[in-house]
1. Which of the following residues is more than 24 Å from residue C:205 (Cβ to Cβ) and in contact (Cβ under 8 Å) with a residue 40 or more places away in the chain: C:338, C:314?
2. Output the number of residues of the stretch A:278-288 satisfying the condition of being within 18 Å of residue A:236 (Cβ to Cβ) and more than 7 Å from chain D (Cβ to nearest Cβ).
3. Give the residues of the stretch B:66-124 that are under 25 Å from residue B:315 (Cβ atoms) and without any contact (Cβ under 8 Å) to a residue 24 or more places away in the chain, sorted by residue number.
4. Being buried (at least 18 other Cβ atoms within 10 Å of the Cβ) and more than 17 Å from residue D:185 (Cα to Cα), is that true of even one residue in the stretch D:127-136?
5. Report the residue count in the stretch C:207-219 for those that are under 18 Å from residue C:92 (Cα atoms) and either in contact with a Gly (Cβ under 8 Å, 6 or more places away or on another chain) or in contact (Cβ under 8 Å) with a residue 60 or more places away in the chain (or both).
6. In the list C:333, C:262, which residue meets the criterion of being closer than 23 Å to residue B:277 by Cα and either within 14 Å of chain D (Cβ to nearest Cβ) or not hydrophobic (A, V, I, L, M, F, W, C) (or both)?
7. Quick check on my filter: what residues within the stretch A:212-229 are more than 8 Å from chain B (Cβ to nearest Cβ) and buried (at least 24 other Cβ atoms within 10 Å of the Cβ)?
8. Only one of (1) within 14 Å of chain D (Cβ to nearest Cβ); (2) touching a residue at least 12 places away in the same chain (Cβ under 8 Å) is not met by residue C:138, so which one is it?
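The values are calculated or read from the model by the stated rules, or taken from the named source; none is laboratory data. Quantities reported herein were computed from a predicted structural model and do not represent experimental measurements. Because the Cβ atoms are built from the backbone with ideal geometry, glycine has one as well, and the counts that use them run over all protein chains shown.
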There are 4 protein chains.
Amino acid sequence: MIVVMKPGASKECIQHVIDLVRDYGLKEHPIYGTDRTVIACIGDKRAVDKGAIENAPMVEKVMPILAPYKMASLEVKKDVSQICIGPSQFPIGGEKIGIIAGPCAVESRDQILSVAETLQHAGCIGLRGGAYKPRTSPYSFQGLGLEGLEILAEAREQTGLAVVTEVIGVEQVESVAEYSDVLQIGARNMQHYPLLEAVGKTNKPVLLKRGMSATLDEFLLAAEYIISAGNPNVILCERGIRTHESYVRNTLPLAIIPALRERTHLPIVIDPSHGTGHAYMVPSMCLGAIAAGADGLIIECHPDPEHAASDGAQSITPKVLSELMVKLKRVAEAVDRQL
Amino acid sequence: MIVVMKPGASKECIQHVIDLVRDYGLKEHPIYGTDRTVIACIGDKRAVDKGAIENAPMVEKVMPILAPYKMASLEVKKDVSQICIGPSQFPIGGEKIGIIAGPCAVESRDQILSVAETLQHAGCIGLRGGAYKPRTSPYSFQGLGLEGLEILAEAREQTGLAVVTEVIGVEQVESVAEYSDVLQIGARNMQHYPLLEAVGKTNKPVLLKRGMSATLDEFLLAAEYIISAGNPNVILCERGIRTHESYVRNTLPLAIIPALRERTHLPIVIDPSHGTGHAYMVPSMCLGAIAAGADGLIIECHPDPEHAASDGAQSITPKVLSELMVKLKRVAEAVDRQL
Amino acid sequence: MIVVMKPGASKECIQHVIDLVRDYGLKEHPIYGTDRTVIACIGDKRAVDKGAIENAPMVEKVMPILAPYKMASLEVKKDVSQICIGPSQFPIGGEKIGIIAGPCAVESRDQILSVAETLQHAGCIGLRGGAYKPRTSPYSFQGLGLEGLEILAEAREQTGLAVVTEVIGVEQVESVAEYSDVLQIGARNMQHYPLLEAVGKTNKPVLLKRGMSATLDEFLLAAEYIISAGNPNVILCERGIRTHESYVRNTLPLAIIPALRERTHLPIVIDPSHGTGHAYMVPSMCLGAIAAGADGLIIECHPDPEHAASDGAQSITPKVLSELMVKLKRVAEAVDRQL
Amino acid sequence: MIVVMKPGASKECIQHVIDLVRDYGLKEHPIYGTDRTVIACIGDKRAVDKGAIENAPMVEKVMPILAPYKMASLEVKKDVSQICIGPSQFPIGGEKIGIIAGPCAVESRDQILSVAETLQHAGCIGLRGGAYKPRTSPYSFQGLGLEGLEILAEAREQTGLAVVTEVIGVEQVESVAEYSDVLQIGARNMQHYPLLEAVGKTNKPVLLKRGMSATLDEFLLAAEYIISAGNPNVILCERGIRTHESYVRNTLPLAIIPALRERTHLPIVIDPSHGTGHAYMVPSMCLGAIAAGADGLIIECHPDPEHAASDGAQSITPKVLSELMVKLKRVAEAVDRQL
């Protein structure tokens, strides 16, 4: 941590900050520059709220040096973690790229079984679909609940696909963990800490979606919550951020892929459906994400998007997906990966 | 809802959309313009996911007409709702402006009792303080829990201040409701729907903070979740949004005050502490918020911000608050309100 | 400047950075912490592009300490600069708050003379109106040009109001300076450096609008361009930033008022019309801005907004303005200022 | 254009809007829904400021239907325009993808000639480099001016590369057009209309960078300015937008590629250097951009980034670029394009 004093800070003010720094168990290291004094603080402890020092007289700003997360960081592990999911234990984070697809919501048994079969033939390794849906409006379709989970499990048995489904509250963790191969934490729950702790106490892989305005540190701290609760199997998922752009539902920042690689060993999956909000953009963003280095994709795919109960605008059809898979394979090979 | 067709859409495409619109139980009303066709749809039902129609061929965009919330809207109630809180049943939303203050976290009995006394003398009507803290890092202070609630309740008995404290999970709703006068939903939980439903089933007033990148519709839909679960006593709280600005922790958009007045009857409280992140900015934003029409303020105030367990950078001291209250009264009177 | 090395940086990497720092004429001051090494650099020169050091091996980040502007900063001058405008030499930045109003564009002589008279009676001190309009679309009304300037000058003669009008290109600086009392630089030109230099070579006060996504440093550096070209008379104007919010045209961040006060001696004017985009929000934001400490307001006011050639949605009528002035006076007095 | 009335709008209010719509030369088409009345307006003229209607009593909002640009739109031309640049008349927008690279600023003759040779061998088709630099700080290196242009022209003669260089003011258009093959309009000048008009009057191809918070409509309207002034040869360049993200200089939204394809025939070039701000992210974003469908890239490349006069942090070395070109070729082929 570096404390920057305002120009003209008196000796007393500087000493006051030094005392404060010592109170926090840190060792000060003042540097008297031409324009102002800065106080470097050694022995940083992640748990201290150093912002408090900003309130001391004549302090201009406090700049952290250390990343606030540890177990999610490269300091703990240099290589990309491989997190194995589903009946085939497909390793997300390995040389092979895993494609997960499926409808936004589980609407019926027929819908899921038929989609799952197409996905399997097209080379996907996971089936997504919401049984419990966090909906912006209380008047929207809220999901089939337990019945949805049973349908997903049946589809897994028929196809061998890994089931990825969202858990929206602490209450459902146990039942979702029973049926699903991967517990998805939605963007809106990325900072719902009781839920992060609850999935951290299971032994199921977790797909953690970045909050729509979360910083990179907040994203990795959310992962840290899960890991520090005992579950190291966290897959990071970028699904777009909220910006001023209105031609998309969210802005998909693919540069997060190299940025995360510089900071964490956790594997990275991209969601181009929420990341754009429009079906016609999904294929390009899938191709772009793989070329940019993603370890996997999670794509909304619905047999009849015009009648989808949710997210119809951003769902591609199984036919579009099947054709896309052929191109994805070629791009994956061009960057020395495989599908 | 208005469906805009792309230029050159064929009769078949237009008919296809008309059929789709009828499937959704709406009545179509096509208008053939010089450049393109638009199809107005009458009989809008809020529960239908109309975005799905965007996936139909040659549809350019679908534009909603109706606000997606109802019970929070002015269509239901024209005047500002007065929501009475605490032992004195102070009406938030009336002519008098309610000032709520206190530390970010309950740290000790002494801290709270001493702060509460100052607040009462200064003319505040509520005491805030977190017993359960949602912290970005798993290594940060997580709050005193039940003990914190008991301390808050004791402070209320001594001072008559209304206690406002956050509930971070469904699990705590019952115990927080037992001790607190107002249940606060934090920004990070604004879209944690199980929690919204749970507080909606209590009879306690709810202070609902806007998510840091929530739209106005999403904010009012979160309120709608609570109201539709049975609890009409929702106080809206703006606490700043995340933008590109880095001189503040969050950007505080005071224009939301007149914007909400145009749309909802719910009263509006401003949080200038999270809304700026820096203690030195808090007084101006308090004054600005009241002049702009806020019904109340919620301010972080700590006797020793340099040693605060959290949010030290944005906490003002009781002394600063007391001086500020005098100015707030004057500004309130200048806009025909009182403190 | 502080250079933060990655964990595990070798002696050679650290020495390489030290050599580089010396190349830039700075003196290094390495601090070997428990987790990583940071190198504080003393003797900062503002002209050097220190970001280049980020490209050296094992450098994690480079953090600047000094603000990049100087003449705009409080290091040069502690008190708010008073910048006198118009025939009456009204001092913007003094105890009195200056209200400038008028239509977006000069549309006709009648329009301007009639508006100007109302403004004068209501207590305004400046008349705004565009003769040259920077329009987003090439098909929009582009302003009356020289004729518009002449009309504005005539209005000044009749009313004594200071004329504030935009200069959109280097080509117009001379003629606008001839007719206008204040040269306005629009948000879209805040970083058009040839224009900043050109107005910096005149002796007219400049109203510099913040770019819609400019940082605070960029804003003050734009002012620095003007001052360093020879013209110290810069009035800063906040007109809202672009964010994800769609209920407003721009988000108006009033916290920039205290933030600028901490950094610069230049006076601050708020534009609540562009800052919101909707006439019904303008009165609250005017009141809020004055309570928050603004030195002036610039408001769009049109006798017939429904037929305005531009910005009709955000223009208030002279009648609304006159009523508002009464309230503004009261709020100004409540914060120990006058109108 | 669709005018949405508030609920409960009286007959008089509706008639008032109808009269207003007719004033603007449009034909009204009112639709009386269950909850509210909307008035569709036929015969839209792009030049009218319809926002003005929002100021009429009981109008809730006005929603435009038509895109505000015409010549840049697909309504005028369905296929991607090929814009030929440089001595070889390389067609940007064709099957082949054009890679343009070079340093941020022209610093010396040696620097440019040596970089240009490497670029040519690596397969690039254009050389970028700033002779006139728009710098955020008045104290930063401002470019070599005319001497820089001469050096670029010499490099073109030796290598056959197309020269791409920025023009920062109307004053330089003539001289830059004399030496350069492509006139670059920087992000900060995207809405400097006099400059857009000036380059629109030359016959040189223009590389138009998107403003850092421009909307898609504003971006295409800037292109429309150039085209409507007489120059149809506009290449669109995305260089990242400003968001809350701080791990990047700008957020690079690659989904703009499919979004622009749906709206315009102009070719699209991506700038991953400004689009990220960090050299280590540039290769992934180059690969991602090509996979996502870009027609070209413009990359900052400097022989000694640690000593670059500007943008050192985001410049890759010629060695990194040469290796990257091999991968770019493979990805281009995987999406049926060539380098």
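1. Working: C:338 fails: more than 24 Å from residue C:205 (Cβ to Cβ).
Result of the check over C:338, C:314: C:314.
2. 1
3. B:110
4. No, every residue in the stretch D:127-136 fails to be buried (at least 18 other Cβ atoms within 10 Å of the Cβ) and more than 17 Å from residue D:185 (Cα to Cα).
5. Count: 2.
6. Of C:333, C:262, the one residue that is closer than 23 Å to residue B:277 by Cα and either within 14 Å of chain D (Cβ to nearest Cβ) or not hydrophobic (A, V, I, L, M, F, W, C) (or both) is C:262.
7. Passing the criteria: A:214, A:219, A:220, A:222, A:223, A:226.
8. Status for residue C:138: all satisfied but (2).
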